[in-house]
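Read-outs: derived from the displayed coordinates by stated rules, not from any lab. This is a predicted model, so every value here is computed, not measured. As a convention, Cβ positions derive from the backbone with ideal geometry for all residues, glycine included, and neighbour counts pool all protein chains shown.
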Amino acid sequence: MRLWQRLAGALKDGNSVWVARLSRRTSFRNPDLEAAVIKATSHDQHRIDCKNVQRVFQWVRTSPLYLKPLVWSLAMRMQKTRSWVVALKGLMLMHGIYCCDLAIVQKMDRLPFDLTNFRDEHVSQDKAWAYNAFVRSYFAYLDQKSAFISMEFQKKSKRGKKSEDTLMEELEKLQAMQDLIDMLLQVKPDYASSHNGLILEAMDCVIVELFDVYGKFCKGIARALLRIYDIGGKMEAGAGLTVLQKAATQSGHLSAYFDFCREIGVLNASQCPQMERFPDGCIKDLERIFNGADEKGRFKGDDEDKAIASYINAIACKDEHKGSDGMKTVITEKWEVFDDEMALDDREKTAFSTNPFEESYRIVPYQAVHNQVLPDLIIF
């Protein structure tokens, strides 16, 4: 970035902060919070204002009353900007807010701004298209994630805490998670823009998010397969077969994505565990269930199928083989499954991150775990 561009950006940020501090405090506007949002989403692509990023997260955690002025100020900032730096920092900030895992945030149906047609007007056109594409794909994922979280929150509110999803609802949720994974894989810079430090910081957040979503998907498919083996049924087996077949295709895309991220120097990707393949027999077994269900919907299984059901049950179990450090790992004969439900207090003791946006995440960045041998993830 040229010196005059940095100076112009600093002047714009300073003027915006000055205007924000002079504004009246209302239910929609909080001058101090608005100033923190502006500083956290500054035009400087070489620096992230960690202090104000954390101030924003702390405000949201303190009281739900701060969400409305935060959303208003961030939405105004995003709608006005024509800088890819400001837009990307705003998306990372919004990503961190969602990862605070607060009920008030989960009620939001969509992002409060639209960057579908975002265009940068501060860099040359030959460079702008790559930044524009990255911002648009990141926005598309977060917007879809917001809709997914809101839908799940509404389901839980209507259903109550005691009841659980039906098997078909659980399979539909897994399909929605696969769609999220597909959208995450689209958040990918080209080689030229991948050398930018801010892009690499954003990719660190994306990698952590990808492991979070994919880890939940792996646990979800293990539970779903166990239920399919238990109740059988053509409809359920057919839906499960569709999920597994897509997972088999998606695994190749995941491996290629991680290889690309390692190549461009994404720190979290360089520390991610190796991925082990899911047993090939599971797809065949679902096909047998689909073709062998009786009129009552239950599968006529043999000893081999019961053994496989026990095998899947070992994956779905949450509480076995707890490590002495509080990290829970379920170990089977062919792969290990990382349980991401370690308490936040325990995570914070071992976490170290230079990216302030990652610190609001519910999972710790992989390079942040000291002296831990990370288990392998499942691919299909």
**Request:** Within the stretch 127-208, report the chymotrypsin sites (Phe, Trp or Tyr not before Pro) that DSSP leaves as loop and that have at most 13 other Cβ atoms within 10 Å.
**Result:** Tyr191
**Asked** For the stretch 104-205, which GluC sites (Glu not before Pro) are in a loop by DSSP, counting at most 14 other Cβ atoms within 10 Å?
**Response** Glu121, Glu164
**Fill in**
In order over the stretch 222-229: 3J(HN,Hα) from phi, Karplus 6.51/-1.76/1.60, θ = phi - 60°, whole Hz, x for each Gly or Pro, gives 5, 5, 5, 4, 4, 5, 5, 5
**Item:** Cα-based shape type of the stretch 1-64, given that a ≥ b ≥ c are square roots of the gyration tensor eigenvalues and the cut on a/c is 1.5
**Value:** oblate
**Förster-model FRET efficiency, 45 Å R0, Ser27 and Thr166, C-beta, rounded to 0.05** = 0.65
**Request:** Pop out the ³J(HN,Hα) list for the stretch 183-193 in order, Karplus 6.51 cos²θ - 1.76 cosθ + 1.60 with θ = phi - 60°, rounded to Hz; leave Gly and Pro as x.
**Result:** 5, 5, 5, 7, 7, 8, x, 7, 5, 5, 6
**Prompt:** Can you give the charge dipole size of the stretch 95-241 about its Cα centre, rounded to the nearest 20 debye, using +1 on the beta carbon of Lys and Arg and -1 on the beta carbon of Asp and Glu?
**Reply:** 640
**Cleavage-rule hits, chymotrypsin sites (Phe, Trp or Tyr not before Pro), the stretch 8-94, DSSP coil, Cβ neighbours within 10 Å at most 15** = Phe28
